[in-house]
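Note sheet for the following structure.
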Amino acid sequence: MINLAMAYFYDEHAAKIALAKQIGVTHVVTNVAANASHAWQTIPAGERPWDYIPLLRKVQSYEDSGLKVSVIEGPTPLDKVKLGLDGKDEEIEIFCEFLRTLGRMGIHTVCYNWMPIIGWFRTNLNAETRGGAHVTAYRDALMKDAPLTDAGIVPPERLWKNLEYFLKSVVPVAEESGVRLAVHPDDPPVPSLRGISRILIKADAFQRLIDLIPSEYNGITMCQGSFSAMGEDIPAMIEHFGHQKKIFFAHFRDVRGTAVDFTETFHDDGQTDMYECMKKYREIGFDGCMRPDHVPVMAGEDNINPGYGILGNLFAVGYMKGLIESVWHD
C-alpha cells in the first residue's frame, strides 16, 4: 500500500504536522535545510545540516510528533560533481557519508537531481488557475535572451559523463547502507536553460540512467508533473518502470501544456488521467512513499512559497485518498 506523505520545508508550515495527522497522513518528506529559528534545527559549531546530529534532531522532531520520515529530498551539495569540477570527489565523499547516516537512521530513500546551478525553475510564480488560485508556470520563449551562468555552455555529454562517474562512486555505498537513489526529472524538462543542458527530459533518458549502473538501489522519482510536461504517457511510464521495480518515490501532480509552455494545475484539473495513474501504481505493487507536489496557493493564503500552500495540500491529499480508496477497493 502507498505510504502517503506531505512535505515540510518552511517555518509557517509547521501547522501541517497537526493537519497531516488529522487527515490521515502518516509519512514525511523533508530535506537537509536548517533554520536557526527552531531550537532543534540549530547547527552545532563545526557541523553541517546533513551531518548526523543536526539531521537526527530534525528527523526526531517529526517522529516525536508521530510521523515517519521516509524520504530526504534536496540532499548534500553536488554541483561540482555534476559539472566535473575540482572538489567533485570531496562532494561525493560527503554524499556517501550522508547515505550512511540515512541508513543508520532507517531512512531508505533519497531524492536527488542532475540539474547543476539551476534546479527547479519557473518564469512565473504567480500564474492563475481555477478560481483565481495561484500556481507556477514556465514559458521557454521568455528565456531565449537570458544570459549564461558562470558555468558557461554545458553540453549534455559532459553531464552524462559526470552522472556515470557519480553513480559508479555512490551506488555501492547506497547498497551497503540500504538507501535507494531516486533521481528526479529535470524541471522544466527543456534541452537547456541559460546554456546548461538538461539530460533527464525524456523517458528513454531514465532507462539509460538505470542501465548505466544496474542495481536495485538505482532508480527514479516518478514526478508525474515533470513527465506530463515532457509529453510522456504517465500510466505507461508507471507500468514500464514499475515492473522493473525502479519507482522508489512518487510526486503526484499535474500540468497543462508542454515542456516549453506549461502551467501547473489542481490535481483534478490537469491533462493526465490521475485515476488511471493510481490504478497503475496498484498493478505494479507500488508500496513506496507518495506525496502531493506543487499545489495551488488558495484563497486566504499568501504566496511566499509558491507551490507549497497548506490548503492546496489538504485538497490534494483528500483527492489522492479518494483515488486510493477507489482503486484499492475495485
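Looking at Ile107, is it of a type in the set (A, V, I, L, M, F, W, C), open to solvent by 10 Å² or more (accessible area, probe 1.4 Å), closer than 27 Å to Asp211 by Cβ and at pLDDT 95 or above? No; evaluated as a whole, the condition is false for this residue. Out of all the residues in segment 142-159, which are basic (Lys, Arg) and touching a residue at least 40 places away in the same chain (Cβ under 8 Å)? Arg158, the sole residue that qualifies.
Scanning segment 253-270 for residues that are under 19 Å from Phe121 (Cα atoms), open to solvent by 10 Å² or more (accessible area, probe 1.4 Å) and of a type outside the set (A, V, I, L, M, F, W, C) yields Arg256, Gly257, Thr258, Asp261, Thr263. For segment 228-252, give me the residue count where each residue is of a type outside the set (A, V, I, L, M) and more than 14 Å from Cys289 (Cα to Cα). So the count comes out to 10. Counting the residues of segment 177-230 that are closer than 28 Å to Met105 by Cα, open to solvent by less than 10 Å² (accessible area, probe 1.4 Å) and outside any loop (DSSP other than H, G, I, E, B) gives 11. With respect to the conditions (1) touching a Ser or Thr at 6+ places or on another chain (Cβ under 8 Å); (2) under 17 Å from Thr30 (Cβ atoms); (3) in contact (Cβ under 8 Å) with a residue 40 or more places away in the chain, Arg100 falls short on a single one, namely (2).
Residues are listed down the side, and each one gets a yes or a no for (1) over 18 Å from Cys223 (Cβ atoms); (2) acidic (Asp, Glu); (3) in contact with a strand residue (DSSP E or B) (Cβ under 9 Å, 6 or more places away or on another chain); (4) open to solvent by less than 10 Å² (accessible area, probe 1.4 Å):
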{"residue": "Phe248", "(1), (2), (3), (4)": "no, no, yes, yes"}
{"residue": "His251", "(1), (2), (3), (4)": "no, no, yes, yes"}
{"residue": "Met274", "(1), (2), (3), (4)": "no, no, yes, yes"}
{"residue": "Arg291", "(1), (2), (3), (4)": "no, no, yes, yes"}
{"residue": "Pro296", "(1), (2), (3), (4)": "no, no, yes, yes"}
{"residue": "Leu311", "(1), (2), (3), (4)": "yes, no, yes, no"}
{"residue": "Glu325", "(1), (2), (3), (4)": "yes, yes, no, no"}
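Evaluated against (1) open to solvent by 30 Å² or more (accessible area, probe 1.4 Å); (2) farther than 26 Å from Val173 by Cβ; (3) within 23 Å of the chain's Cα centre (by Cα), Tyr138 falls short on exactly one condition, (1).
The values are calculated or read from the model by the stated rules, or taken from the named source; none is laboratory data. No experiment lies behind these values; they were computed from the predicted model shown. For neighbour counting, all protein chains shown are included, and Cβ atoms are generated from backbone atoms with ideal geometry for every residue, glycine included. SASA here: full protein model, heavy atoms, side chains in, ligands and nucleic acids out. Shrake-Rupley method; radii C 1.70, N 1.55, O 1.52, S 1.80 Å.
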